[in-house]
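Report on one structure; see the data block that follows.
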């Protein structure tokens, strides 16, 4: 199952990367048994990729857009709506302007 999201933003590239890293820290603290930080890596200053238990994801952004592409295993299909809601919430958190 493939999910793709692309949204506009008005945040600087530097601020987006810092906010993404901050969210990883939040989830790593909330779920220490998952070792969240070890499952993703920055591939450039504006893109990251990760994988966990059969799911693969790519994140990229530029000065005006942020995009996420996920390839999820078949067993994740019943959770599609929850995954989409979670991603929408994360987009809002990461791209919110002060």
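The values are calculated or read from the model by the stated rules, or taken from the named source; none is laboratory data. Quick caveat, the model's predicted, so the values are computed rather than measured. Quick reminder, even Gly has a Cβ in these numbers, built from the backbone with ideal geometry, and neighbours come from all protein chains shown.
Which of the residues that make up region 13-43 are without any contact (Cβ under 8 Å) to a residue 24 or more places away in the chain and within 17 Å of residue 64 (Cα to Cα)?
Correct list: 14, 15, 18.
Report whether or not residue 97 is assigned to a loop (DSSP other than H, G, I, E, B) and exposed (fewer than 10 other Cβ atoms within 10 Å of the Cβ).
Yes; evaluated as a whole, the condition is true for this residue.
Mind telling me which of the residues 8, 57, 50 ends up being over 23 Å from residue 97 (Cα atoms) and touching a helix residue (DSSP H, G or I) at 6+ places or on another chain (Cβ under 9 Å)?
From the options 8, 57, 50, the qualifying one is 50.
Taking the condition of being within 13 Å of the chain's Cα centre (by Cα) and either surrounded by 15 or more Cβ atoms within 10 Å (Cβ to Cβ) or over 18 Å from residue 86 (Cα atoms) (or both), how many residues in region 50-66 meet it?
Count: 8.
Just to check your reading of the model, which residue among 58, 77 is in a strand (DSSP E or B) and either out of contact with any strand residue (DSSP E or B) (no Cβ under 8 Å at 6 or more places or on another chain) or at pLDDT 95 or above (or both)?
On the way: 77 fails: in a strand (DSSP E or B).
Answer to the selection: 58.
State yes or no: is residue 85 outside any strand (DSSP E or B) and at pLDDT below 90?
No: the conditions fail for residue 85.
For residue 16, are the conditions met, namely being at pLDDT below 90 and in contact with a strand residue (DSSP E or B) (Cβ under 8 Å, 6 or more places away or on another chain)?
Considered against the rule, which asks whether it is at pLDDT below 90 and in contact with a strand residue (DSSP E or B) (Cβ under 8 Å, 6 or more places away or on another chain), residue 16 comes out as no.
Does residue 91 satisfy the condition of being free of Cβ contacts under 8 Å to residues at least 24 places away in the same chain and either touching a strand residue (DSSP E or B) at 6+ places or on another chain (Cβ under 8 Å) or surrounded by 10 or more Cβ atoms within 10 Å (Cβ to Cβ) (or both)?
No, not satisfied.
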